[in-house]
Amino acid sequence: MDPNVKAVLFNIFGGITRGDEVAKGVLEATATLGVKVPMVLRMAALAPRRG
């Protein structure tokens, strides 16, 4: 890990991939890699009211 990284921003625009699958993958990756910096995940979906 790069000690100069202070935070991570994910900016994801959905449509092809399900948002819940993306969120699950991000959580799994951070747990596997032991990420210790703050993370922000912004998701915009094709049908955001579906959940």
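Rule-based calculations on the coordinates, nothing more; no lab input. The shown structure was predicted, so the numbers you read here are calculated from the model rather than taken from an experiment. Reconstructed Cβ throughout: ideal geometry from the backbone, glycine too, with neighbour counts over all protein chains shown.
Quick check: the angle from helix 19-33's long axis to the longest principal axis of the chain, C-alpha only, nearest 10 degrees? Roughly 10 degrees, rounded to the nearest 10. Extension gain, Lys6-Ala29: 0.36 nm per intervening residue step, less the Cα-Cα distance, totals 6.5 nm. Remark: the chain carries a charge dipole of roughly 220 debye about the Cα centre, counting +1 on each Lys and Arg Cβ and -1 on each Asp and Glu Cβ. For the chain, the alpha-carbon radius of gyration amounts to 1.28 times the rule-of-thumb value 2.2 N^0.38 Å expected for a compact globular protein.
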